[in-house]
Structures are given as structure tokens and as C-alpha cells.
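Inspection log for the structure reproduced underneath, given as C-alpha cells.
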Amino acid sequence: AKGEGKNCWRVFTSSMLQATRERRTVIADFTLALKRQEFEVYYQPILSYDHPETLKAEALLRWKHPQKGMISPGVFIPLAEEVGLIHALGDWCLKRVLQDQQNWQAEGLPCPVIAINTSAKQFTHDEVARKWLKALQDFGASSDQLIMEITESLLLQQQSEVVGQLKILRDAGIRIALDDFGTGYSSLSYLSSFELDYLKIDRSFVQGIVQNSKDEAVTDAIIAMAHKLGLQVVAEGVETLDQEEVLRRQHCDFAQGYHYARPMPEAQFREFFTRRQLA
Ligand code: C2E
Ligand code: CA
Ligand code: CA
Ligand code: CA
């Protein structure tokens with residue numbers, strides 16, 4: 001039994017070492033990746049059902065790792081949060097978006113409103129509101145060019161710090177979207193206690209609205225409730241025309257999904273909205 005214990009201990013320490021090494025590798029890779037510009041912002045169009053001439057988009061990060069290839073944000077965002085590099089990454093993404101918008105304007109192109117994801121971790125120990133306002137000022141950008149997407153886990157914290165920062169952002173004219181609505185810690189009390197502009201219905205509900213009458217009832221109720229609270233609704237993950245038809249019938253305001261367009265690099269997105277304007 002003593003021998004086994006010793007063995008376990010050895011295994012434990014070596015895996016701990018491995019974890020530490022892996023962690024160090026990730027931190028080193030990340031820091032380098034930021035320097036080497038291995039990150040890229042992709043844009044996924046968000047269409048308005050009532051005003052098809054307007055266009056918004058969501059900024060979605062991509063990491064083109066020189067050895068590992070394309071790494072999904074679902075993998076590297078949680079890592080970045082864990083090792084504390086989410087702040088640097090968030091700053092980079094914000095500036096990249098503002099730079100792209102500045103370029104579009106300088107070239108006389110339309111300038112779509114861009115929604116940027118902000119994780120709850122970016123609110124803790126960090127003055128997100130101050131950073132956003134400073135960046136807007138530095139780029140001479142208008143606050144209505146940006147939407148901040150936040151998740152329910154942020155509102156769950158209910159800290160005065162979070163409330164204060166959201167108020168600063170919103171008072172400055174930046175609109176706030178509640179992302180992934182209906183997943184996780186849904187509590188309807190958020191909707192009345194926080195000042196929000198958009199509610200994004202999670203893809204998991206949209207997926208079932210054609211086949212499943214319960215999912216259809218859920219999106220119908222969410223949309224009606226959101227409208228009563230003065231919020232506009234974005235349906236996420238719309239993949240078929242049948243889904244669009246249900247959503248239109250339910251008076252959903254905006255839609256995003258593969259049925260319209262996948263997330264794409266800036267050059268392609270610029271073509272997408274330029275063509276739309278000409279059409
Ligand atoms: P999210 O904010 O919920 O973004 C939507 C995700 O759904 C994106 O995945 C998008 O590519 C995918 N999607 C869009 N339409 C469809 C569809 O019709 N069908 C399906 N199956 N999927 C669709 P992606 O780009 O892999 O991003 C994953 C998550 O990573 C995002 O989820 C977001 O939480 C996070 N993320 C991405 N960029 C950033 C960022 O700059 N900052 C932070 N904090 N998080 C980010
Ligand atoms: Ca999002
Ligand atoms: Ca989402
Ligand atoms: Ca409408």
C-alpha cells in the first residue's frame with residue numbers, strides 16, 4: 001500500500017508539472033501571438049428584418065496558430081481568461097474593430113455597427129468602461145458604432161462595480177446586448193434591474209423552433225417579453241428559411257446565422273456590405 005501511495009504521488013507531481021509546463025507554453029504562445037498578429041477579427045453579419053438596408057455585425061476572434069492551425073475562440077478564450085490574458089486580447093480586439101471602422105469611413109464605405117463580446121472576467125479587476133471610452137476618443141469614433149455583448153454570468157454577480165460600469169457605458173451611448181439568453185443562469189430579474197438594449201436568443205432555442213412547438217413557444221414568449229421591456233431581439237444561429245419564417249412571424253427584430261452568412265475576414269465582410277449597398 002505504501003508503494004502504491006508513493007507511485008500515486010509521483011504520478012500526481014509529474015502531471016502537475018506537465019500542467020504547469022502546458023500553462024507556461026500557453027502563456028508564452030499567447031504573448032507571442034499578440035505580438036506576431038496571429039489573431040484576427042472575423043465579422044458575422046446581423047440582419048434587420050424590419051430595415052433590410054441596415055447592417056450590423058458581431059466581431060468574433062480567430063487565432064491562426066503557426067503550428068496548430070486555426071484555433072477556435074471556444075478553446076482559447078477560456079484559456080486567456082484563466083491565465084489573465086483576456087484583458088490584453090480584449091483591448092486588441094476593440095482597437096482592431098475601431099481601426100477597421102475608421103478605414104471603412106475613410107474610404108467612403110458604409111460603417112456597420114459592430115458588436116464586441118466581453119466576458120465577465122474582463123469586468124473584474126479592470127476598468128472596461130474607461131478603456132472603451134478612451135478607445136472611442138482615440139479613434140474619434142462615435143459611441144453608437146459599438147455594441148457590447150455581455151453574458152448572464154456577468155449580471156449574476158450583481159456587484160455595484162459591474163452596475164456602475166454598465167451605466168457609464170450606456171450613458172455614453174454604447175448599447176448593451178445580453179448574449180446567449182436562455183442558457184446558464186437565466187433569471188428574469190436581470191431584465192428589469194439592468195438597462196439593456198438587445199437580447200440575443202441562444203442558438204439552442206432557435207434550432208428547434210420549426211420541429212418543436214415548445215421551443216417555438218419559448219422564443220415567442222422571450223420576444224414578446226423583451227418587446228414589453230423595450231428591448232430588441234436578435235435570434236442567433238438561424239440556419240434555415242423555415243426558422244426565419246417562424247422568427248418573422250414572432251416579430252423578431254434581428255437575425256444572425258449560417259442561413260445569411262458565416263463569420264468572415266474583414267476583406268470579405270467589406271465586400272459583403274458593399275455589394276449589399278449597391279444591390
Ligand atoms: P457567441 O458570442 O455566442 O458567438 C456565436 C457563435 O456561434 C460563433 O462561434 C459563431 O461562429 C457561431 N455561429 C453563428 N451562426 C451560427 C449558425 O448558424 N450555426 C452554428 N452552428 N453556429 C453559428 P465562434 O466564432 O466559434 O465563437 C465562440 C464563442 O467564443 C463566442 O460565442 C464567444 O462567446 C467567444 N468569443 C469569440 N470572440 C470573442 C471575443 O472577442 N471576446 C470574448 N470575450 N469572447 C469571444
Ligand atoms: Ca456573442
Ligand atoms: Ca451567443
Ligand atoms: Ca419588428
Counting DSSP beta bridges with both partners in the chain, what percentage is antiparallel, nearest 5? 40
The answer for the chain, accessible area per residue at 1.4 Å probe in Å², is 52
Over 30 Å between Cα atoms: which of Lys134/Lys228; Lys95/Lys228; Lys68/Lys131; Lys35/Lys131; Lys131/Lys228 fall into that group? Lys134/Lys228; Lys95/Lys228; Lys68/Lys131; Lys131/Lys228
The chain: most fluctuating residue of Pro112, Pro66, Pro263 per GNM, C-alpha cutoff 10 Å: Pro66
Cα principal axis extents for the chain, largest first, Å: 71, 48, 38
Per the Kirkwood formula over distinct C-alpha pairs, the hydrodynamic radius of segment 176-215 in angstrom is 11.2
Averaging over all projection directions, find the projected area of the Cα convex hull of segment 60-169 and quote it in nm² with one decimal place. 7.8
Net charge near Pro66, counting Lys/Arg +1 and Asp/Glu -1 over other residues with Cβ under 9 Å of its Cβ? +2
What fraction of the DSSP beta bridges in segment 64-212 is antiparallel, stated in percent and rounded to the nearest 5? 15
Taking 0.36 nm per intervening residue step and subtracting the Cα-Cα distance, what contour gain separates Thr54 from His251 on full extension? 69.2 nm
Among Gln99, Gln145, Gln211, determine the one that fluctuates most according to a GNM of the chain built with springs between C-alpha atoms less than 10 Å apart. Gln211
How much net charge surrounds Arg175 when only other residues with a Cβ under 9 Å from its Cβ are counted (Lys, Arg +1; Asp, Glu -1)? -1
Options Gln122, Leu89, Gln67, ranked by Cα towards positive dipole end of segment 36-124, top entry (Cβ charges): Gln67
In degrees, nearest 10, range 0 to 90: what is the angle between the Cα axis of helix 128-138 and the longest Cα principal axis of the chain? 60
Extent of segment 108-174 along each principal axis, from alpha carbon coordinates, in Å, largest to smallest? 42, 19, 18
Segment 209-278, accessible surface, carbon-and-sulfur percent (1.4 angstrom probe): 50
Max mean-square fluctuation residue, GNM over the chain, Cα-Cα springs under 10 Å, options Ala135, Ala267, Ala226: Ala267
Pairing the Cα long axis of helix 213-228 with the longest principal axis of the chain, what angle in degrees results, from 0 to 90 and rounded to the nearest 10? 70
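Find how much the distance from Gln157 to Ile27 grows on full extension, using 0.36 nm per residue of separation minus their present alpha carbon separation; answer in nm with one decimal. Let's see the in-between values first.
Values: separation 130, 0.36 × 130 = 46.80 nm, distance 2.73 nm.
Once the chain is fully extended between Gln157 and Ile27, it gains 44.1 nm.
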Semi-axis lengths, Å, segment 131-279, gyration tensor of Cα atoms, sqrt of 5 times eigenvalues: 27, 24, 12
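Would you tally the net charge around Gly230, using a Cβ to Cβ cut-off of less than 15 Å, leaving Gly230 out, and scoring K and R as +1, D and E as -1? Before the final figure, lay out the partial values.
Details: positive: Arg170, Arg175, Lys228; negative: Glu195, Asp197, Asp253.
So the environment of Gly230 carries a net charge of 0.
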With N denoting the number of residues in segment 226-269, provide Rg(C-alpha) divided by 2.2 N^0.38 Å, to two decimal places. 1.34
Computed [θ] at 222 nm, helices only, for the chain once each DSSP H run of length n ≥ 4 contributes -39500 (n - 2.57): -16000 deg cm²/dmol
Cα axis of helix 86-106 to longest principal axis of the chain: angle in degrees, 0 to 90, nearest 10? 30
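The values are calculated or read from the model by the stated rules, or taken from the named source; none is laboratory data. Remember, it's a predicted structure, so these values are computed and weren't measured experimentally. Note: ideal-geometry Cβ built from the backbone for every residue, glycine included; neighbour counts use all protein chains shown. Surface accessibility is based on the protein's heavy atoms, side chains included, excluding ligands, DNA and RNA. Shrake-Rupley method; radii C 1.70, N 1.55, O 1.52, S 1.80 Å.
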